[in-house]
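Bear in mind these aren't lab numbers, they're just calculated from the coordinates by the rules spelled out. Computed from a prediction, not measured in an experiment: that's the story for all the values here. Quick reminder, even Gly has a Cβ in these numbers, built from the backbone with ideal geometry, and neighbours come from all protein chains shown.
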Amino acid sequence: MAKRARTLTGDHLRSSSSSNQAPSWGAKRARSGSALRDRRDWSSIGNGPAWLISERVLAGDDVADYVSFRAVCRSWRQWTTSPRAHGPLDSRFHPRQWVMLRDELAVPDRRRFLNVSSGRCIQADLPELRGHRVFGPTAEGLLVLLDEATFAVRLLNPLTRQLTDLPPATTVLDPTSLMISPVHYLLHVLTVHGAGLADGSATVVVYFENARKVAAAKPCDERWTVVEPDASFASVSSFAGRFYCTTRHAIRPVIVEVRTTDHRLPPQLVVVAKLAGVPSSPRNLMPDPNFYRTPHDLHLVGNGGRLMVSHSHGGGRRSSKYSVHWVYFDSKRTVSMVVTRFRRQALFIGAYRAISVNPEAFPGISLDTVYPGFDCDDKPSSRQVGGGLDGSNVAFPHTAVDCLSLCISQPPRRSHAGGSGAKP
């Protein structure tokens, strides 16, 4: 079992401002010398004001600020709510606006995280990653860990370092196959292509695409419950404590939710909306599985408190066109956006993940624009990180577009890079 940190002080978080690292987009300016000379001993403000400030910081939807606030001094930690006093699935402490960057740092256990709303960049020391395959993050900002020795699944909150222990992923497979399959094959089959929370954040759902399984479990369960034994979804994502999938297995493409309708019964798939304006599946009894699996042209993404679906038409980063649909659960339908507006956001879309980004926090990113990930190109060898066309390989992403395109792409391919955005 992974070793947990004894205390939660926030000492594992630090600003990413080293000269040899990428810039921290949107970072606040340093205070002037006169402001530093006028510093006060804020540790003596008392438990009432400290608690009130901490609650307002936590309500600001950035748990990194809350962790940093509690790390200031011992008295502030005593007077404020510790995340460890609550379950690791408590949504108040989830780093929803943070994504993990895929750059190599000098310290093996250190990772960089970027806030897609503010542009703030921080580093976190995470020894919990040792011995694990790392996937995600989920829409809640949680990392999905797969233990390479036991195949146990864990969720890690990288900012609070809280771990959620879940059953071994091997419980979704047939016992006979476990006896004859080598470890490297099992690690491939049990690759996580999507995960998130369901049932009001009480249940964890994981999509093992290579195993064609969608499974659900709670922290106290001994094994995963297979919700869909022959799953093939275009995209999966959690949103507002519920887990959704897009599928074309019906005559009309639909959005389904993993839902527990009766506590005595296992979770099941429930159709919650039909996708209007999206081509239907072939009308034959044995459809080509590649029609559903590649390309992943339907993407679920939360944007400004709303769920929307992006649909890519055509192939390749340079030729694809995009349409966007808002999801209306009350009428069980989607509505295509007449005017291409993402609420002044930009979308980064990979084969399996999609995120909404605030363009005002990043130089070079345009609003109402779709930026494909590195795994959405028909010719992966034609472009390199940094946009080179000569086949050379740049070791470190140079722009905000590079970093965000890389972090949503799965698996990362060092010779494969993102480029310019495409208007829907």
Let me have the relative contact order for the range 123-204, percent, based on Cα pairs under 8 Å that are six or more residues apart. 22
Going by how many other beta carbons lie within 10 Å of each one, how would you line up 180, 122, fewest first? 180, 122
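For 337, 179, 100, 308, what's the fewest-to-most ordering of other Cβ within 10 Å of each Cβ?
Working: 337 15, 179 7, 100 19, 308 23.
With the sparsest Cβ surroundings first, the list reads 179, 337, 100, 308.
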The simple spin-label model distance between residue 313 and residue 78, using points 7 Å out along Cα→Cβ, in nm, is 6.5
What ranking do 264, 130 get, fewest neighbouring Cβ atoms within 10 angstrom at the top? 264, 130
